[in-house]
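Derivation of every value follows stated rules applied to the coordinates shown; laboratory data play no part. Just so we're clear, the structure is a prediction, and the values are computed from it rather than from any experiment. Counting neighbours? That spans all protein chains shown, and the Cβs are built from the backbone with ideal geometry, glycine included.
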Amino acid sequence: MGRTVRPIAMRRMIALVGLSLVVLAAGCAPAGSGSSGGSVGTSPDHRWEGFYQRAGEVAESWRPGTAWSSGYVPMQDPTVLTGDPTFNPDTEQAFLAGWYREQIAVPTARPADGTIRFPGGTLSVPLVSAAEAYRQLDQGDPPPCEGRPQEPGRPKEPGPTIEPGPDGMVSSVPQSACIPLTVTAVKLGTVSVRTSRGTAEVPAWLFTVEELAVPVARLAVAPSAVTAVPEGVAPTRQGPDGVVGAQDLRAVDGARLTYRLGVGACDTGVTPLVEERDEVVVVGGGVTRSTGVCTDQLKLEPVTVTLSAPLGARPVLDVLTGRPLTVAAR
């Protein structure tokens with residue numbers, strides 16, 4: 001009886017020990033062993049090792065001047081929307097092109113010096129007049145558009161629609177209006193602007209526009225008080241195969257960044273890539289290149305990533321050129 005039981009007990013013990021070893025091995029798998037896919041805080045996909053190597057070199061080479069931390073370096077376009085303008089195709093086209101017409105006498109007198117309020121201090125700066133700001137805002141008249149509507153947002157009435165057929169006509173398609181936005185008032189105020197020292201409250205001329213739901217702001221700081229965004233430093237060798245650069249920032253919301261990659265028309269598998277450090281963030285992307293015939297065309301592809309901490313005052317650098325990215329107007 002005893003000789004029969006002992007081998008069975010032994011086999012059960014061996015099975016349990018083997019199972020325990022399997023569970024232990026699974027529990028000790030290294031954290032972050034999967035592909036990063038553009039996430040921050042996980043080990044990188046080996047395919048993109050070239051990106052991380054170059055990003056490290058770009059981060060180490062970042063050496064801005066003293067004005068970066070003591071002056072005024074705006075990191076976005078000087079024309080700022082103060083909220084949701086409720087664009088339609090007509091008004092968006094006019095805004096992006098800088099088409100305006102004033103219905104008021106824009107003041108020409110320069111105001112007294114203004115104050116920029118940074119998260120860690122203030123800076124007194126000279127200001128331009130409303131007329132000077134308007135001349136910077138207005139980029140000229142729209143081209144003539146015969147047969148277009150006479151007011152923004154009022155599309156041309158469509159013509160008769162006839163069922164398609166051998167002799168059928170196609171109904172007319174409404175087209176965008178080629179006319180400017182109408183400025184009806186202006187006042188001096190402030191607007192939130194991303195700068196080298198974080199988000200600051202900056203003096204700006206606020207133009208009320210009849211066709212938009214919110215004013216259009218033009219930064220009022222005189223050019224003499226503005227320091228240009230510094231040039232980036234990057235390795236002189238060609239970028240790694242399949243790695244593409246970032247063109248601009250579209251939005252910064254705490255730890256979330258939305259930026260646009262410059263990709264080829266036939267590139268696929270667009271993957272955002274990020275190297276995050278305490279003082280700087282380097283971004284770019286990875287793509288799979290087409291092996292067939294393709295048009296030579298740059299396409300802007302928006303991507304969004306989440307950092308491990310809010311961006312704060314850290315610059316966002318392009319992995320290919322090393323230049324700091326600025327927030328586009330829209």
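Does segment 252-263 contain any residue that is touching a residue at least 60 places away in the same chain (Cβ under 8 Å) and acidic (Asp, Glu)?
So far as segment 252-263 goes, no, none of its residues is touching a residue at least 60 places away in the same chain (Cβ under 8 Å) and acidic (Asp, Glu).
Within segment 228-247, can one find any residue that is over 30 Å from residue 117 (Cα atoms) and under 16 Å from the mean Cα position of the chain (by Cα)?
Restricting attention to segment 228-247, the residues satisfying the condition of being over 30 Å from residue 117 (Cα atoms) are 234-245.
Right, trim to under 16 Å from the mean Cα position of the chain (by Cα) and you get 244-245.
Checked against the condition, which is being over 30 Å from residue 117 (Cα atoms) and under 16 Å from the mean Cα position of the chain (by Cα), segment 228-247 yields at least one hit.
Can you name every one of the strands (runs of 3 or more DSSP E) wholly within segment 252-327 that holds 1 or more residues which are of a type outside the set (Val, Ile, Thr) and over 20 Å from residue 195 (Cβ atoms)?
Ranges flagged: 256-264, 268-276, 281-288, 298-306.
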